[in-house]
Amino acid sequence: MENRPDIVILGDGGWGTTLSVLLARKGFKVTLWGAFAANIAYMKNKRENKKFLPGIKIPGGIILTSDLRAAMQKKDIVVLAVPSQYIRSVLKKVKQIGYPRQAIYLSVTKGIEMGTLKRISEVIHDELGAVKLAVLSGPTIAHEVAKGVPTVAVIAAHNRKAGKILQNIFMSGRFRIYTNTDVTGVELGGSLKNVIAIACGISDGLGFGANTKAAILARGLAEISRLGLAMGAGSRTFSGISGLGDLVTTCISPYSRNRLVGEKIGQGRKLKQVISRMQMVAEGVPTAKSAYALSLKYKVDMPIAKEVYNVLYKNKPALKAFKDLMAREKKEE
């Protein structure tokens, strides 16, 4: 691969736009594709993604397009930044128009596909076959990364060479990248933490304090680890950047969409009402349904995830959910 590979990012949300800005600042040739022509046209005109990343200047060298065929032509790196519940439909279009089979594909999407309960890397392999694939995850609030706030993330790949290539491409003085080979663990940590963040938000909305949030974080991490081990992940991953690191950020950041969803629900609003007022997708909402289904499939005890599912999808009062968690049978840690 050349020193300056041609890169396309599929998905013009906050994270996809942030990564395009980061790479352009490093001098890479970047194309950013978005599904909605009107938003792309606005971005071309104003050089700002006001809908998803307001206040951040989009460098003039970034090619903006809603033409998927043109975006995919002769690319060396394909970054997939499409929300989890839409990624398969986008991949089907990619497969239909033809795609570079020798490219390295990088998933930066955090979520689990509803219905199939597949991780995003599994969905990508379903649609594109045995492409070289890696995943990027970690405590990466998009607006902070775009502003140059020091941030760390991890790239996981079974193909170590592909992981090293991507590490070199994305790493900068303010964006430090680690590598590992635990794709399953990195994906699950990045996905399931959103469910725990909703629980933390509900706690905030109910007016609880730091003690409660610390309990949710600690016990939530235990739940994520239990399920991850049952699904073949490595235990160390969950105490690392894409596990504990991502969990803490998502549960405490005022920019966290998932925490905000929980907070509004804790204050008494209905899920549909909260979601209808959000510009960006809160991945924890569909992931809560998938997490509950996975806990049943693998016979893993996940009481916090279960109660988040009950609040979101079974109209269980948030306060009742917390009372039931506190009243569970006595046990050892």
| If only one of ARG119, ARG101, ARG160 is over 17 Å from LEU19 (Cβ atoms) and at pLDDT below 95, which one is it? | ARG101
| query | How many residues, within segment 294-333, are farther than 15 Å from ARG219 by Cα and among the basic types (Lys, Arg)? | reply | 6
| said: Among the numbered criteria (1) over 22 Å from LEU294 (Cβ atoms); (2) buried (at least 22 other Cβ atoms within 10 Å of the Cβ), which one does ASP182 miss? | reply: (1)
| said: Take the residues in segment 282-302 that are out of contact with any helix residue (DSSP H, G or I) (no Cβ under 6 Å at 6 or more places or on another chain) and surrounded by fewer than 18 Cβ atoms within 10 Å (Cβ to Cβ); name whichever of them is nearest to GLU332 (Cα to Cα). | reply: ASP301
| Which is closer than 22 Å to THR109 by Cα and assigned to a helix (DSSP H, G or I), of LEU296, LEU244, LEU325? | LEU244
| So which of ALA288, ALA233, ALA210 ends up being under 30 Å from ASN39 (Cα atoms) and outside the structural domain of GLY16 (by TED's automatic domain parsing)? | ALA288
| message | For segment 264-281, check the following and say yes or no: at least one residue is surrounded by fewer than 24 Cβ atoms within 10 Å (Cβ to Cβ), at positive phi and of a type in the set (Gly, Ala, Ser). | response | yes
| request: Provide a single number: the residues in segment 36-76 that are part of a loop (DSSP other than H, G, I, E, B), under 25 Å from the mean Cα position of the chain (by Cα) and either of a type outside the set (Val, Ile, Thr) or outside the structural domain of VAL94 (by TED's automatic domain parsing) (or both). | output: 10
| query | Any idea which of LYS289, LYS272, LYS264 is without any contact (Cβ under 8 Å) to a residue 12 or more places away in the chain, out of contact with any Ser or Thr (no Cβ under 6 Å at 6 or more places or on another chain), within 21 Å of LEU312 (Cβ to Cβ) and in a helix (DSSP H, G or I)? | reply | LYS272
| task | Mind counting the residues in segment 193-206 that are in contact with a Ser or Thr (Cβ under 7 Å, 6 or more places away or on another chain) and more than 12 Å from PRO286 (Cβ to Cβ)? | result | 3
| query | Can you name every residue in segment 1-38 that is of a type in the set (S, T, N, Q) and either closer than 19 Å to GLU144 by Cα or at pLDDT 95 or above (or both)? | reply | THR17, THR18, SER20, THR31
| remark: Selection from segment 31-43 of residues surrounded by fewer than 24 Cβ atoms within 10 Å (Cβ to Cβ) and either touching a Ser or Thr at 6+ places or on another chain (Cβ under 9 Å) or in contact (Cβ under 8 Å) with a residue 40 or more places away in the chain (or both) yields THR31, ALA35, PHE36, ALA37, ALA38, ASN39, ILE40, ALA41, MET43
| query | Would segment 258-280 turn up any residue that is within 25 Å of VAL152 (Cα to Cα) and of a type in the set (Ser, Thr, Tyr)? | reply | no
| Of these, ALA218, ALA233, which one is farther than 28 Å from GLN267 by Cβ and surrounded by fewer than 24 Cβ atoms within 10 Å (Cβ to Cβ)? | ALA233
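The values are calculated or read from the model by the stated rules, or taken from the named source; none is laboratory data. Predicted model only: the values in this text are computed from it and were never measured. Cβ: placed from backbone, ideal geometry, glycine included. Neighbour counts: every protein chain shown.
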